[in-house]
1. Is there any pair linking a residue in region 68-84 that is farther than 16 Å from Asn21 by Cα and without any contact (Cβ under 8 Å) to a residue 24 or more places away in the chain to one that is surrounded by 10 or more Cβ atoms within 10 Å (Cβ to Cβ) and among the β-branched types (Val, Ile, Thr), with Cβ under 9 Å and at least six apart or on different chains, and which?
2. Hand me the list of strands (runs of 3 or more DSSP E) wholly inside region 1-47 holding 2 or more residues that are touching a Pro at 6+ places or on another chain (Cβ under 8 Å) and under 22 Å from Thr91 (Cβ atoms).
3. Would you point out which residue out of Glu16, Glu5, Glu26, Glu71 is at pLDDT 95 or above and not hydroxyl-bearing (Ser, Thr, Tyr)?
4. When you scan region 54-64, do you find a residue that is crowded, with 16+ Cβ neighbours inside 10 Å and in contact with a helix residue (DSSP H, G or I) (Cβ under 8 Å, 6 or more places away or on another chain), even just one?
5. Of the residues Ile74, Ile81, which is surrounded by 14 or more Cβ atoms within 10 Å (Cβ to Cβ) and in contact with a strand residue (DSSP E or B) (Cβ under 8 Å, 6 or more places away or on another chain)?
6. Of all residues in region 82-98 being hydroxyl-bearing (Ser, Thr, Tyr) and at pLDDT 95 or above, which is farthest from Leu27 (Cα to Cα)?
Amino acid sequence: MSIPEPGFYYHYKHDELKGFNHYAYELTSIGMHSEDSTLMVVYYPLYKTDIAPANCFVRPIDLFFDEVEYEGKILPHFTKIIDSEIILKLTEIKNTLY
């Protein structure tokens with residue numbers, strides 16, 4: 001099983017036309033479910049959400065790496081962002097949100 005690196009990721013629904021932070025997330029850590037030891041990815045949205053009182057998402061690690069069919073294409077659920085300019089902008093947003 002692969003362990004994702006901390007960093008910034010786009011969800012498969014990301015649309016550049018809706019902004020660089022549209023469906024952008026920061027993966028901060030890997031946790032473990034206390035009952036069944038499932039490894040979980042902990043990640044924060046980098047856009048305004050309506051998930052109060054929570055401020056982050058968790059997802060089983062296997063589902064983080066799965067593929068989905070979207071608009072007739074098979075896509076990875078999450079893709080690591082490697083563009084340094086985008087990472088800098090997302091870091092600025094993160095600092096205002098959290």
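1. Partner pairs satisfying both residue conditions: Ile74/Val68.
2. Correct list: 24-32.
3. Glu26
4. No, region 54-64 contains no residue that is crowded, with 16+ Cβ neighbours inside 10 Å and in contact with a helix residue (DSSP H, G or I) (Cβ under 8 Å, 6 or more places away or on another chain).
5. Ile81
6. The qualifying residue farthest from Leu27 (Cα to Cα) is Ser84.
The values are calculated or read from the model by the stated rules, or taken from the named source; none is laboratory data. Everything numeric here is computed off the predicted structure, so don't read it as measured data. With ideal geometry, Cβ positions are generated from the backbone for all residues, glycine too; neighbour counts draw on all protein chains shown.
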